[in-house]
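Below is one structure, written out as structure tokens; comments come after it.
The values are calculated or read from the model by the stated rules, or taken from the named source; none is laboratory data. These numbers were taken from a predicted model, which means no experiment stands behind them. Virtual Cβ from ideal backbone geometry, glycine too; neighbours counted across all protein chains shown. Areas reflect the complete protein model, heavy atoms only, side chains present, ligands, DNA and RNA absent. Shrake-Rupley method; radii C 1.70, N 1.55, O 1.52, S 1.80 Å.
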Amino acid sequence: MLLIPTVVFFVLRIIPGDPALVVAGFDAPSEVVENLRVKLGTHRPPLVQYEEWILSVAQLEFGTSLISNEPVLKLILDRFPLTLSLAVAGMLCALLIAIPLGVMSAVRRWTLWDYWGMVFSQIGISMPSFWLGIILLLLFAVKYPLFPLFGGDSPWHLVLPSVALGINRGAVLLRLVRTAMIEELGKEYIIAARSKGLPELVVRYRHALRNALLPVLTIAGIQFGYMLGGAIILEQVFSLPGLGRLILSAVFQRDFPVIQGGTLFIAAVFSLVNFLVDLLYSLVNPRIRVG
Amino acid sequence: MGTEVLLEIKDLSVEFTAHQRRIPAVRGIDLTILPGQFHALVGESGAGKTVTSLSILRLLPPNVTSLRGSIKFNDHDLLQLSEEVMRNLRGREISMIFQEPAKYLNPSLKAGVQVMESIRYHMGYSEKAARERVCELFEKVGLSDPELAIDRYPHEFSVGMKQRVMIAMAISCNPSLLIADEPTTSLDVGVQRQIIHLLLDLQRSSKMAILYITHDLGIVRYAADVISIMYAGKIIESAPKDLLFTSPLHPYTRLLLASIPSREKRGTRLQGIPGTVPNPEDIPPGCAFHPRCPLAQQKCKENVPPLVRIEAGHRCACFFPGKELRSNP
């Protein structure tokens, strides 16, 4: 969890671009820039800066933005709800696509239905979500203006980006659901469930899917973590003021504290999500139970 | 009991296709089960016993390419029924227990839920009534602390207890036929005995017929009413238990009986049957048993002996029924 922010920290020190220069303006006199460097602390060796940063982070002190002078934590927490709701909606979309289609593909494997499912999955995996996002925007916001073109104030704004995210992620999960379902449907307890005279839908969704979802859940959790940090370009496409955009613009402006705080935050959330998935896993799988 | 018949299988044959080869698993069998009867179907592995039982429930795997004959259950031909009607029979009129309860129970559903399912689905019980019924059933099959057992997951039970859960599941709707596919094979000897006794008790108390599938003649010795012996996809001898044990007619049956250890045979070397069961992919022509049979003649290699009635209730498929076996050819 600390590794990523550390790498980011030093990469920022190596890449060209001086925050003092950006803050002061490119044509500012060199004394002004030098004074700013001293004020921002960027004139000192990177290791010293790193030590100072780590110590302040340990006290939950993320510093203030170089550009807007607002506390970094406040900036992040302002943007995070939108990113979170986008990730949740995207995950929901992904599961809504992956589970029924995956089950269908597994049940009718090696038939035309299955092939269509696989074709869809292949396309979904190959299509970058930002490109799909642009297409969706052109279709449903420009040509047929059903959804708003940009902004993020209402749930309506989230529909297109989460569909774009959901199709991309769902395509991956679909294959997983299919493989896991094929495996579960071949198991003996399915015969036993059928021998009880249960309807096929109950056999599939209550008996097989319950077990098939275990491996899917792990991957979905990891993907959810990625969505929290990885929707940067999608947020750009849809002009959503989320965490991704915050970090992206911070990168353009060399706003070191925001970049560092943001990546640390994403890494922390990512770890937290994985931890929650592990907890959830033990809840779903009775064989792994803590305490 | 009268003369009414519960299950009547006529000329059933089942063929699989695997790797573009046709594999005849069951090659025309006749089998009759009366209401409340304990019918044992005995044969070595690969003889087609399990395929026969799965055909009754119509739960054969999808690579079955040919299913012929008829299976009459209470005057309905199961093979002609719609899937809908068939599903209503499964679990309610005909149910099944399996060899390895660990594999046949869903690992992520509580034991009680799995038993409740069929009760709620077939008999429309409310959640509460179904729970009570499960408690009753668990008590009946000898699970201690039924209230606790309901909320346990399968992995929290021992194998013997899992089999009891399976039995509770199978008898939950008072079926008239219970198919038991080697239910004791994976259990310890002591537990085997308990399970057999449990099944016998249930059969007697609820007038349920049992089709008991096993490779172990010894285990059905005291339980079965009628025993049918299967070999390479055919029934080769069928008789009431006593008759089969006192005057077996088919050489295969007699060799099987000779291979059961018993007190009288103590100290003598147990007899085995020479050779192995033929692979269903290449069953020998004529009588399938002839390569291993001490009585085999030219006739046996060319013609298939039909299953004929020798005396009341005793049928045998051999050209030389009851002929003396030379002990050491």
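Sorting A:132-141, B:67-76, B:46-55, B:206-215 by their mean Cβ neighbour count within 10 Å, with the most densely packed peptide first, gives B:46-55, B:206-215, A:132-141, B:67-76. Label-to-label distance for B:Asp75 and A:Val142 is 7.3 nm, based on points extended 7 Å past Cα in the beta-carbon direction. The angle between the Cα long axis of helix A:243-252 and the longest principal axis of the Cα atoms of chain A comes to about 40 degrees, rounded to the nearest 10. For the protein assembly as shown, the share of DSSP beta bridges that are antiparallel, to the nearest 5, is 65%. Shielding of peptide B:89-96 by partners, expressed as the average count of other chain Cβ atoms within 10 Å per residue Cβ, is 3. Relative contact order for chain A: 26 percent, from Cα pairs under 8 Å spaced at least 6 residues apart, divided by residue count. Candidate cross-link partners of B:Lys265 among the lysines, defined by an alpha-carbon separation under 26 Å and a same-chain spacing of 8 or more, comprise B:Lys241, B:Lys323. Note on A:Ile4/A:Glu34: beta-carbon distance plugged into 1/(1 + (r/R0)^6) with R0 of 35 Å gives a FRET efficiency of 0.65. Once the 1.4 Å probe is applied to the protein heavy atoms, the stretch B:102-174 comes out at 41 Å² accessible per residue. Structural descriptor for chain B: relative contact order 20 percent, calculated from alpha carbon pairs under 8 angstrom and at least 6 residues apart. Dividing the summed -39500 (n - 2.57) terms of all DSSP H runs of n ≥ 4 by the residue count of the protein assembly as shown sets its mean residue ellipticity at 222 nm at -16000 deg cm²/dmol. Separation of the stretch B:18-89 from the stretch A:239-291 is 56 Å, based on Cα centroids. Spin-label model, B:Lys301 to A:Trp156: label points 7 Å out along the Cα-to-beta-carbon direction sit 8.9 nm apart. Each part gets one Cα centre, and for the stretch A:9-64 versus the stretch B:96-146 those centres are 68 Å apart.
Between A:Val88 and B:Ser45, the simple spin-label model (points 7 angstrom out along Cα→Cβ) gives 5.3 nm. Just so you know, the Rg over Rh for the stretch A:79-245 is 1.06, from Cα atoms, with Rh as the Kirkwood radius. The equivalent ellipsoid of the protein assembly as shown has semi-axes of 71, 25, 23 Å, largest first, where each one is the square root of 5 times an eigenvalue of the Cα gyration tensor. Computed on the Cα atoms alone, the convex hull of chain A gives a volume of 168 cubic angstrom per residue.
When the accessible areas of A alone and B alone are added and the area of the pair subtracted, with a 1.4 Å probe, the result is around 2000 Å², both sides summed.
Could you give the distance between the Cα centres of the stretch B:238-300 and the stretch A:149-219, to the whole Å? Their Cα centres are 52 Å away from one another.
The mean count of C-beta atoms from other chains within 10 Å of the C-beta of residues in B:116-123, rounded to a whole number, is 3. Per residue, the accessible area of the stretch A:79-245 comes to 45 Å², computed with a 1.4 Å probe over protein heavy atoms only. Computed over the alpha-carbon atoms, the stretch A:27-89 gives an Rg to Rh ratio of 1.13, Rh here being the Kirkwood radius from the mean inverse distance. Its Cα gyration tensor gives the stretch B:102-174 an equivalent ellipsoid. The semi-axes, each the square root of 5 times an eigenvalue, are 18, 12, 11 Å from largest down. Quick one: if the Förster radius is 60 Å, what FRET efficiency do A:Asp278 and B:Lys207 give, using the C-beta to C-beta distance and rounding to 0.05? Here the calculated transfer efficiency is 0.70. Between B:Ile310 and B:Lys128, the C-beta separation translates, for a Förster distance of 56 Å, into a calculated FRET efficiency of about 0.50. Running Debye on chain B with equal point scatterers at the Cα sites and no solvent, what base-10 log of I(q)/I(0) appears at q = 0.07, 0.10, 0.11 Å⁻¹? Log-scaled intensity ratios, in q order: -0.30, -0.61, -0.74. Largest GNM mean-square fluctuation among A:Val88, A:Val258, A:Val203, using chain A with Cα springs under 10 Å: A:Val203. May I ask for the angle, rounded to the nearest 10°, between helix B:111-123 and the longest principal axis of chain B, with both axes built from Cα atoms and the value confined to 0 to 90°? That works out to roughly 90 degrees.
Structure remark: mean-square fluctuation, Gaussian network model of chain A, C-alpha springs under 10 Å; the largest value among A:Phe270, A:Phe26, A:Phe150 belongs to A:Phe26. Averaged over residues, the count of other Cβ atoms within 10 Å places the peptides B:246-253, B:318-325 in the sequence B:246-253, B:318-325, highest first. Compute the long axis of helix B:159-171 from its Cα atoms, compare it with the longest principal axis of the Cα atoms of chain B, and write down the angle in degrees, 0 to 90, nearest 10. Long axis of B:159-171 versus the principal axis of chain B: about 80 degrees. Sorted from longest to shortest, the spans of the Cα atoms of the stretch A:1-119 along the three principal axes equal 73, 31, 26 Å. Remark: mean inter-chain Cβ contacts per residue of B:103-115 equal 5, using a 10 Å Cβ-Cβ cutoff to other protein chain atoms.
Report, ordered by chain and residue number, the lysines lying within cross-link reach of B:Lys10, taken as a straight Cα distance under 20 Å and ignoring same-chain residues fewer than 8 apart. Excluding near neighbours in sequence, the set is B:Lys49, B:Lys72, B:Lys234.
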